[in-house]
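Student: What follows is a structure written as structure tokens; I'll ask about it next.
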Amino acid sequence: MNATDLRPWRDPSQKPLLQIKSVTKKFSDFVAVDDVSLDIYAGELFCLLGGSGCGKSTLLRMLAGFEEATEGQILLDGEDLSGVAPHERPTNMMFQSYALFPHMSVLKNVMYGLVHGGMTKAEAETTAMEMLKLVKLEKFIKRKPHQLSGGQRQRVALARALVKKPRLLLLDEPLGALDKKLREETQFELIRIQETLGVTFVVVTHDQEEAMTLASRIGVMNDGYIEQIGEPREIYEFPKSKFVANFIGDVNLFEGEMIVDEPDRAAVLNDSVGEIAITHGVSGTLGQELTIAVRPEKLEISKKKSAKMLNSAKGVVEDIAYLGSQSVYHVRLDSGKLVKAFRANRVREAEDDLTWEDRVVVGWDGSSGVVLSQ
Amino acid sequence: MINRIASFVGVRGVIALPMIWLLVFFLLPFIFVFVLSFSTIRNGMPPYEPVVNFKDSFLQLNIHLSSWERFFENPIYIGTFLSSAKTAFIATFLTLLIGFPMAYVIARAPEARRHLLLMLVILPFWTSFLLRVYAIKTILYNQGPVNQFLMKIGILEVNSPIQFLNTDFAVYLGIVYTYLPFMILPLYANLVKLEESVLEASSDLGAKPFWTFWQVVIPLSYPGIIAGCMLVFIPAVGEFVIPDLLGATDTKMIGKTIYVEYFNNRDYPMASVLSVVVLIVFVAPFLMMRKWQDKLAEVNDA
């Protein structure tokens, strides 16, 4: 571990900025957040990722102070936040609906938090102007929110939440209301601003691509639980559960019983592929039901079985989606199972072009599959 | 093409209907009243001289300024105006003070309960206005339940009731009670649109609850406040039943004065002068506020 490493979560001597300790939130009978524990470090851009109703927004609202945890503790810089009202917390939030004050100009919106933080009007104006320059809105300071485009409103909301330099900035679907093109541009803009100011971000999103682009680490939530916490690459390449493998990106799942269990290799018996060889050790017992998850871009597809394919199955090309940079092949295996394979379109005029109804072989090597026990 | 003509006629028709309504039931009567204010009393039927006379191909305009002169010369009339304005202003302010928290609570209540609470606000309308004013009279009576209760629990000595009836207090109570729904309903319609997240944002940015209320809730409810105050102030200025039944005999309200001039003194021209002045002094400024309100609404809706 050296000084330039920007991954404090890998260093056990680092103290987290935010500690969420076994937090549970119940709304009468409904458990929205179920025993979540999570550490977030200073300077991180942490994404809480999950589908709607998974509890990610409730967790964020507990950090802001709009909801009180039913059980557990939230510590910021070691201080317990329970019972601290939202207006007394050193956190700020950017709302999904932006929640701009419709009766105030852009400048007044951004100044609002500063004035209530004890600044004089003149100081607040100078500070707010600096922030508005950072988000490139200095020409629009006199406008009211309804006179701005969606993207501009989004930046006002960001400026307003950031201007107090909060210990923790909470962002609820910050890019959710923007169209695709603008969203992609804004993602990098958001990272630039986060790096410039060094504020710790906690972002809630349902968009896995957004989470992958933005996050230093991702917490995948499902049904109130945290399924897995990790760096984007870790989450994608080493998912710990079927839910995570399915939620992040596409995946082909092959289920079966473990038939070989040795320190450096294992095998699983599957209906479609037969014996699936794994070229590393697996923690499990003989006879246990396991799932092998293979990403579509790691599946090789060709007319003849190649040497690299340690595991393979025959099938028919049922559907092809040409996406420009890559093509998606839907292959119906002889067992009836449908698998997805990606092929990058590297050559403009591909020779061995696969087409509909072609008999093909799909396969992968012994280390491309992820072994999942749950 | 036919469709287009039909829709053109349709749109015009939709606009024309309320226009015709206003013309027939507001503008024409107002013109009659205005003309009548330049007449003078006489014995007979009708009890005033015609302003416009057409006899033997001879058109004669008889403009009498005597009623207008009397209005400006007799301080009683101006005094009545001021006292009506004061009463209506205080009553409107009290109604706002009581109505705002009620509207706020209803707007923030769970949706299922809101309708019930709104029903309760509107419920008194099922009883005739006059009956309700008489009910207040019965309640405030010297031997009425309020005084009896106060005497029973010992706040008041036996046989020394507070004189509620025929006081300004009773008039304010009557106006506030009667017009409260007119304040609550527009405020509610406004406050219910107020997004919870905007209030949360204010709190999140460090504003204490009072400042959130003062700098966010109040400015965003201006349209509702203005509409509610208009709906209370305008009828309260012209109110004559409540001061007549609950107020002291010397309570000066313009509505009561118009009533007296019209029905007791049969002085139609003077009653007309007063009516015209009411319209100009009290309604015109509100119509101007209405424009301002539209502007505000535009900002809030976007």
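Nothing in this text is a laboratory measurement; each read-out follows from the coordinates by a stated rule. What you see is a predicted model, and the numbers here were worked out from it, not measured in a lab. All Cβ positions, even for glycine, are placed from backbone atoms using ideal geometry, and neighbour counts span all protein chains on display.
Student: Top mean-square fluctuation among A:292, A:320, A:235, Gaussian network model of chain A, C-alpha springs under 10 Å?
Tutor: Top of the fluctuation ranking is A:320.
Student: Under a 10 Å cutoff between Cα atoms, tell me which one of B:168, B:267, B:56 has the largest fluctuation in the Gaussian network model of chain B.
Tutor: Highest fluctuation among the options: B:56.
Student: Below 8 Å between Cα atoms, with a sequence gap of 6+, how large is the relative contact order for chain A in percent?
Tutor: After rounding, I find 14 percent.
Student: Please state the relative contact order of region A:297-374 as a whole percent: Cα pairs under 8 Å, 6+ residues apart?
Tutor: Averaging sequence separation for qualifying contacts and normalising by length gives 44 percent for region A:297-374.
Student: Let me ask something else about it. Which of the listed residues, B:198, B:16, B:172, is farthest toward the dipole's positive end in chain B, when Lys, Arg count +1 and Asp, Glu count -1 at the beta-carbon?
Tutor: B:16
Student: Given the pairs A:165/B:208; A:180/B:193; A:56/A:340; A:26/B:208; A:121/A:144, which are separated by over 22 angstrom at their Cα positions?
Tutor: Over 22 Å apart, Cα to Cα: A:180/B:193; A:56/A:340; A:26/B:208.
Student: Another question about this same structure. Describe numerically, in nm with one decimal, the distance between label points set 7 Å from Cα along Cα→Cβ at residue B:167 and at residue A:320.
Tutor: Label-label distance for residue B:167 and residue A:320, simple model: 9.5 nm.
Student: Just to be sure I follow: if Rg is taken over the C-alpha atoms of region B:24-134 and Rh is the Kirkwood radius over the same atoms, what is Rg/Rh?
Tutor: Computed over Cα atoms, the ratio is 1.22.
Student: Which order, highest average first, do B:222-232, A:13-23, B:247-257 follow once you tally other Cβ atoms within 10 Å for each residue and take the mean per peptide?
Tutor: Result, highest mean first: B:222-232, B:247-257, A:13-23.
Student: Give the percent of DSSP beta bridges with both residues in region A:221-374 that are antiparallel, rounded to the nearest 5.
Tutor: Taking every DSSP beta bridge with both residues in region A:221-374, the antiparallel ones total about 100 percent.
Student: Compute the label zone of residue A:373 within region A:221-239: residues whose backbone N is under 18 Å from the point 7 Å along Cα-to-Cβ.
Tutor: Inside the label zone: A:227-229, A:238-239.
Student: Okay, moving on. For residue A:259, put the label point 7 Å out on the Cα→Cβ axis and report which residues of region A:305-320 keep their amide N under 18 Å from it.
Tutor: The answer is A:310-314, whose backbone nitrogens lie closer than 18 Å to the label point.
Student: Sticking with this one: What per residue convex hull volume, in Å³, do the alpha-carbon atoms of region B:149-209 yield?
Tutor: Considering the Cα atoms of region B:149-209, their hull volume per residue is 166 Å³.
Student: From zero outward in steps of 10 Å, how is the percent of C-alpha pairs of the protein assembly as shown spread across the bins?
Tutor: Using 10 Å bins, I get a P(r) of 3, 11, 15, 15, 14, 13, 10, 7, 5, 4, 2, 1, 0 for the protein assembly as shown.
Student: Turning to a different aspect of this structure: On a C-alpha basis, how far is the centre of region A:215-236 from the centre of region A:271-331 in Å? Whole number, if you could?
Tutor: Spelled out, the Cα-based centre of one part sits 25 Å from the other.
Student: If you don't mind, there's one more thing I want to ask. Which one, B:52, B:254, B:84, is farthest towards the positive end of the dipole of chain B when Lys and Arg carry +1 and Asp and Glu -1 on their Cβ?
Tutor: B:52
Student: Let me ask you something else. Within 10 Å of each Cβ in A:136-146, how many Cβ atoms from other chains are there, averaged over the peptide?
Tutor: Per residue, the number of nearby Cβ atoms from other chains is 1 on average.
Student: Under 25 °C and 0.890 mPa s, how fast does region B:1-68 diffuse according to Stokes-Einstein, given a Kirkwood radius computed over C-alpha pairs? Answer in µm²/s, whole number.
Tutor: Roughly 160 µm²/s, to the nearest whole number.
Student: So what is the relative contact order for region A:230-374, in percent, with contacts set as C-alpha pairs under 8 Å and at least six apart?
Tutor: After rounding, I find 27 percent.
Student: Follow-up question, since we're still on this one. Please name which of A:27, A:124, A:216 has its Cα lying farthest along the dipole of chain A towards the positive end, using unit charges on Cβ (Lys, Arg +1; Asp, Glu -1) and the Cα centre as origin.
Tutor: Selected residue: A:124.
Student: Also, I was wondering about something else. Summarise the partner chain shielding of A:91-101 as one whole number: the mean count of Cβ atoms from other chains within 10 Å of each residue's Cβ.
Tutor: 4
Student: Charges at C-beta only: +1 for Lys and Arg, -1 for Asp and Glu. How large is the resulting dipole of the protein assembly as shown about its Cα centre, in Debye rounded to 20?
Tutor: Charge dipole of the protein assembly as shown: 2460 debye, to the nearest 20.
Student: Note down the magnitude of the dipole of region A:226-374 about its Cα centre, charges +1 on Lys and Arg C-beta and -1 on Asp and Glu C-beta and zero elsewhere, to the nearest 20 debye.
Tutor: 300 debye
Student: Can you compute the modelled spin-label distance between residue A:77 and residue B:117, with each label point 7 Å from Cα toward Cβ, in nm?
Tutor: It works out to 3.9 nm between the two label points.
Student: Over 10 Å intervals from 0, what percent of Cα-Cα pairs in region B:59-120 sits in each interval?
Tutor: 18, 22, 18, 15, 13, 11, 3
Student: Still on this structure, I have one more. Of the residues A:109, A:222, A:270, which exhibits the maximal mean-square fluctuation in a Gaussian network model of chain A defined by a 10 Å Cα contact cut-off?
Tutor: Result for chain A, Cα springs under 10 Å: A:270 fluctuates most.
Student: Something else about it: Relative to the Cα centre, what is the charge dipole magnitude of chain A, using +1 at the beta carbon of each Lys and Arg, -1 at the beta carbon of each Asp and Glu, and rounding to the nearest 20 debye?
Tutor: Dipole size: approximately 1720 debye.
Student: How far apart, in nanometres, would the label points at residue B:61 and residue A:359 be if each is projected 7 angstrom from Cα along the Cα-to-Cβ direction?
Tutor: According to this spin-label approximation, the distance is 10.8 nm.
Student: Once phi is turned into θ = phi - 60°, what whole-Hz ³J(HN,Hα) does the Karplus curve with 6.51, -1.76 and 1.60 give for every residue of region B:77-92, x standing for Gly and Pro?
Tutor: Listing the rounded values in order: 5, 4, x, 4, 4, 4, 5, 5, 4, 4, 4, 5, 5, 5, 4, 5 Hz.
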